[in-house]
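S.K.: Here it is, the structure in full.
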Amino acid sequence: MRVKRYVAVNMQEAMGKIKAELGNNAVILHTRYFKEGGFFGLFGKNYVEVTAAADNDGEDVSANNLAAIKQKINNVNINNDKEIVTDLTEMHKMMKEMSLMLENLGEPKFPKKGQNLYKLLKKQEVDDKIAQKIVKLTLDEYADSPIQKKEELNRIFFANLLKPIQNIKYQPSKAKKGKPRILTFIGPTGVGKTTTIAKLAAMSAVMEKKKVGLITIDTYRIAAVEQLKTIGDIINVPVNVIFNPENLRESLQEMKDYDVIYIDTAGRSHKNETQVNELKQYLESANSNEIFLVLSSTSKYQDFLDILATYQDVNITSLIITKLDETSNYGSIYNLLYNYEYPISYFANGQNIPDDIEAADPIKLVQMLVKE
Ligand SMILES: Nc1nc2c(ncn2[C@@H]2O[C@H](COP(=O)(O)OP(=O)(O)OP(=O)(O)O)[C@@H](O)[C@H]2O)c(=O)[nH]1
Ligand SMILES: [Mg+2]
């Protein structure tokens, strides 16, 4: 029996070749279509590869030698598998090269000093459109500047980064006369809501000698209640645990002569609609002066967008960015401020209570962004 592979531009041509060499009774064992030539795998020519078998004397092989044929098929397939793997590896390589090429094609061609600034912003994961806009503005202004020094270029760059976000300043709320300031903290799980409350409450109670109350509506986890109670014990402030929105109103009434009340909420997965709706009922009952959305700086910009979409009906008054000690990429926060204009109230940069928190400032963010 003879087994042979034929390559042709189409099946008709392949069949012609097979017929001519192996005779009318040849059996098709395997067919494969592939592309060859072209530009990085594109625009190549299509080919068909057909493996056919026939008995040496040209007899019909379908009826006899079945076992032998099967054996051959397996051998052919094994060989083809190897080829397919090689083909796929080759294809991957080409696709990678192509996507790199496309990326480079999309990259703006700035002069070298602009390219460096652009690269820095890209490395920080600043949105591409924003990065291009800021670099372009910087280069234009620098071209008109009488001072042609690197320091001047950096100064202009810094100013252009700051400009779109500098007006979004956080203004702490004032309580109505004789009433406490009610501050509620919301946000995804594990971002540092309770830790941030502990830091701020400790400062209010211990340093500012304010009459502070803590309320938790995080009754999903015993550990969460214990966590806040421990903090309350340490800084010597009462902790009320709330189980329903009515409870919350009563508890706030009970603390009506306090200076400031911090309300801790359970970390809601922003993907869980029921939990988020439940939180909204509590927020209505709380009638807070401020609602802080706590976000971790380790999140991607897309995560921020998803989280904001979840809380779109909530009147978020400012953002708190935590875990700044755990990242060196600040682009996602910059994109957020640039596009959404939420004020940022605090930056948290560690687990130490109360030290690792500071008032947020757009200048600090830009400093972090350009620090190499
Ligand atoms: N490195 C670092 N860790 C932090 C920071 N803030 C909080 N953490 C840590 O993050 C973990 C979660 O903090 P929690 O305050 O419990 O977070 P949470 O948002 O209240 O979490 P849930 O109530 O479960 O949603 C703890 O281990 C904190 O010590 C920060 O700024 N930097
Ligand atoms: Mg918590």
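S.K.: Step through the residues of the range 126-137 one at a time and calculate ³J(HN,Hα) from phi using the Karplus curve (6.51 cos²θ - 1.76 cosθ + 1.60, θ = phi - 60°), rounding each to whole Hz and writing x for Gly and Pro.
M.R.: Here the 3J(HN,Hα) series is 6, 3, 4, 5, 5, 4, 4, 4, 5, 5, 4, 4 Hz.
S.K.: Using a 10 Å cut-off around each Cβ, can you sort Ile291, Ile261, Ile147 from fewest to most neighbouring Cβ atoms?
M.R.: Working: Ile291 20, Ile261 27, Ile147 10.
Listing Ile291, Ile261, Ile147 from fewest to most nearby Cβ atoms yields Ile147, Ile291, Ile261.
S.K.: Can you work out the Karplus-derived ³J(HN,Hα) for every residue in the range 337-346? Use 6.51 cos²θ - 1.76 cosθ + 1.60 with θ = phi - 60°, whole Hz, and x for glycine or proline.
M.R.: 5, 4, 8, 10, 6, 7, x, 9, 8, 9
S.K.: Just to confirm a number: summing +1 for Lys and Arg and -1 for Asp and Glu over residues other than Pro343 whose beta-carbon lies under 13 angstrom from that of Pro343, what do you get?
M.R.: Details: positive: Lys169; negative: Glu290, Glu341, Asp361.
Residues close to Pro343 contribute a combined charge of -2.
S.K.: Further, regarding this structure: Ranked highest first by average number of other Cβ atoms within 10 Å, how do 129-137, 238-246 line up?
M.R.: On the way: 129-137: 17.7, 238-246: 15.8.
Descending mean neighbour count gives 129-137, 238-246.
S.K.: Quick one: divide the alpha-carbon radius of gyration of the range 181-370 by 2.2 N^0.38 Å and tell me what you get.
M.R.: For the range 181-370, the normalised Cα radius of gyration comes out at 0.98.
S.K.: Continuing with this model, one more query. Determine ³J(HN,Hα), in whole Hz, for all residues of the range 357-371 in sequence, where each value follows from phi through the Karplus function 6.51 cos²θ - 1.76 cosθ + 1.60 and θ = phi - 60°; x replaces Gly and Pro.
M.R.: The phi angles translate into 8, 8, 4, 7, 8, x, 4, 4, 4, 5, 4, 5, 5, 8, 6 Hz.
S.K.: Collect residues whose amide H, placed 1.01 Å from N in the peptide plane, falls under 5 Å from the amide H of Arg181; neighbours closer than 5 in sequence don't count.
M.R.: Amide H neighbours of Arg181: Val260, Ile261.
S.K.: Continuing with the same structure: If we count every other residue with Cβ under 11 angstrom of Leu153's Cβ, Lys/Arg +1 and Asp/Glu -1, where does the sum land? Before the final figure, lay out the partial values.
M.R.: Working: positive: Lys113, Lys149, Lys150, Arg155; negative: Glu141, Glu151, Glu152.
Residues close to Leu153 contribute a combined charge of +1.
Readers should treat all values here as calculations from the given coordinates under stated rules, not as data from a laboratory. A quick note: this is a predicted structure, and the numbers were derived from the prediction, not measured. Every residue, glycine as well, gets a Cβ built from its backbone with ideal geometry; the counts of neighbours run over all protein chains shown.
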